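Undergrad: Submitted below is the structure of interest, expressed as structure tokens.
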Amino acid sequence: MMRFAALFAFAVVNVSTIHALASECASTKDIDASRARWTTVRTQLAKTADKETNCRAYAASFYESVTLRQAAALCERGADQARNLVVLDSEIDAFNNLLATKCGS
């Protein structure tokens, strides 16, 4: 039950973050904060054995990273845009690989 509550809280935070990011342009500060959160997600979930919880968290983080990348691609211009898109692409690839290896059939 505690894992479900933690997953639910995580999902609520992600959904609220996604809506905020989708309505605004993504800044480097937003991207760096999200990357720190994603790193925490990956390290904490690597320690748990609950596959379903992990897969849901990976999927939510994957969705958030794709949404953030879209906001960054639409709004930013200049040198920071290229850096941020490369960073976000690597995060998207990381979550995609986690989903494939940990959650695939």
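The values are calculated or read from the model by the stated rules, or taken from the named source; none is laboratory data. Just so you know, these numbers come straight off a predicted model, no measurement behind them. Quick reminder, even Gly has a Cβ in these numbers, built from the backbone with ideal geometry, and neighbours come from all protein chains shown.
Undergrad: Select from the stretch 44-63 the residues that are modelled with pLDDT of 80 or more, part of a helix (DSSP H, G or I) and either surrounded by fewer than 16 Cβ atoms within 10 Å (Cβ to Cβ) or not aromatic (Phe, Trp, Tyr) (or both) and list them in ascending order.
TA: Keep residues of the stretch 44-63 that are modelled with pLDDT of 80 or more, which gives 50-63.
With the extra rule that they be part of a helix (DSSP H, G or I), the set shrinks to 51-63.
If the condition is that a residue be modelled with pLDDT of 80 or more, part of a helix (DSSP H, G or I) and either surrounded by fewer than 16 Cβ atoms within 10 Å (Cβ to Cβ) or not aromatic (Phe, Trp, Tyr) (or both), then 51, 52, 53, 54, 55, 56, 57, 59, 60, 61, 63 are the ones that fit.
Undergrad: Sticking with this one: Of all residues in the stretch 64-80, how many are part of a helix (DSSP H, G or I) and either surrounded by fewer than 15 Cβ atoms within 10 Å (Cβ to Cβ) or on the phi > 0 side of the Ramachandran plot (or both)?
TA: Summing the residues that are part of a helix (DSSP H, G or I) and either surrounded by fewer than 15 Cβ atoms within 10 Å (Cβ to Cβ) or on the phi > 0 side of the Ramachandran plot (or both) in the stretch 64-80 gives 6.
Undergrad: Take residue 83 and decide whether it is in a loop (DSSP other than H, G, I, E, B) and within 16 Å of residue 29 (Cα to Cα).
TA: In short, no.
Undergrad: Looking only at the stretch 66-80, count how many residues are among the small types (Gly, Ala, Ser) and either at pLDDT 90 or above or under 12 Å from residue 27 (Cβ atoms) (or both).
TA: Qualifying residue count for the region: 2.
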